[in-house]
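One structure below.
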Amino acid sequence: MQIAIIGAGNVGRALGQGFARLGHGLIYGVRDPKAEKYAEPPVPSARVATVADAGAAGEVVVLATPWAGTESAVTALGDLGGKPLLDATNPIGPGFALTAGHTDSGGEQVARWATGARVVKVFNTIGADNMSAPDYGPNRAFMPVAGDDEAACAVAVGLADGLGFEATRIGGLAKARLTEPLAMLWIGLAMSSKDRRVAFGLLRR
């Protein structure tokens, strides 16, 4: 599968490393692909292009931008023609606080900004350190998946499972109102314990 990752920061790079190990093709979409820092691609097998070109080339698009640049990145993608847009962002603003919650979400805002996209909230509840290798011995890190389109959610679940997560669809995109605060809980735990290797698990009996 050809995956376009929009944003080449810590999350984008970590997800790319994991997807590359699974044999997926990668193209990174960035504002200035000719910038010196992209002389070497974020992942050796990847190529770097503009946001619009990456979106056009990918079968699936993963949004991994800082929140401040998310709206402009989504706008730059143009019409995605029904492709899955997997939103790994969190709406964190000044004071390191969520700018939306309970009555709206970053995921729903992305869906309003996007054109021709089937938006799924995923890869947002755990830090980049765990993205490419969520290995916790006999257990797997929990990864909630929220989206309105069943087929797009299935793509997200398949990719997350492939990386090693226990991916679970939790409902429609409005459930991002719950997963984004969960991301803040993970950040708080990581900061208070000074250990970014922590993860949430899902227990069943």
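Side notes on the structure shown:
- Label-point separation, Gln2 to Val198 (7 Å along Cα→Cβ), nm: 4.1
- Loop trypsin sites (Lys or Arg not before Pro), region 1-41, which have at most 12 other Cβ atoms in a 10 Å radius of their Cβ (DSSP): Lys34
- Charge dipole (debye, nearest 20) of the chain; +1 at Cβ of Lys and Arg, -1 at Cβ of Asp and Glu: 440
- Choice from Met184, Met131, Met143 with maximal GNM fluctuation in the chain (Cα, 10 Å cutoff): Met184
- Hydrodynamic radius by Kirkwood, which averages 1/r over all alpha carbon pairs of region 35-102, in angstrom: 13.7
- Computed per residue of the chain from DSSP H runs no shorter than four, each worth -39500 (n - 2.57), the mean residue ellipticity at 222 nm is -10000 deg cm²/dmol.
- Under the criterion of Cα pairs below 8 Å and six or more residues apart, the relative contact order for the chain equals 19 percent.
- Put a dot 7 Å past the Cα of Arg205, heading toward its Cβ, do the same for Leu189, and the two dots end up 1.9 nm apart.
- Taking Gly147, Gly16, Gly82 in turn, the Gaussian network model of the chain (Cα-Cα springs below 10 Å) assigns the largest fluctuation to Gly82.
- Listed by chain and number, the lysines placed with their C-alpha closer than 30 angstrom to that of Lys194 are Lys37, Lys121, Lys175; residues fewer than eight positions away on the same chain are left out.
- Cleavage-rule hits (chymotrypsin sites (Phe, Trp or Tyr not before Pro)) in region 114-205: DSSP loop, at most 15 neighbouring Cβ within 10 angstrom: Phe200
- Sparse-neighbour loop sites [GluC sites (Glu not before Pro); region 52-148; at most 14 other C-beta within 10 Å; DSSP]: Glu59
- Taking 16 Å as the straight-line reach from the Cα of Lys83, the aspartates and glutamates in range (excluding those fewer than 8 positions away in the same chain) are Asp53, Glu59, Asp148, Asp149, Glu150.
- For region 137-204, convex hull volume per residue from C-alpha positions, Å³: 92
- DSSP beta bridges in the chain [antiparallel fraction, %, rounded to 5]: 20
Where a number appears in this text, it was derived from the coordinates with a stated rule and is not lab data. The structure presented is a predicted model; accordingly, all values stated were derived computationally and were not measured. A quick note on method: Cβ atoms are made from the backbone with ideal geometry, for glycine too, and the neighbour counts reach across all protein chains shown.
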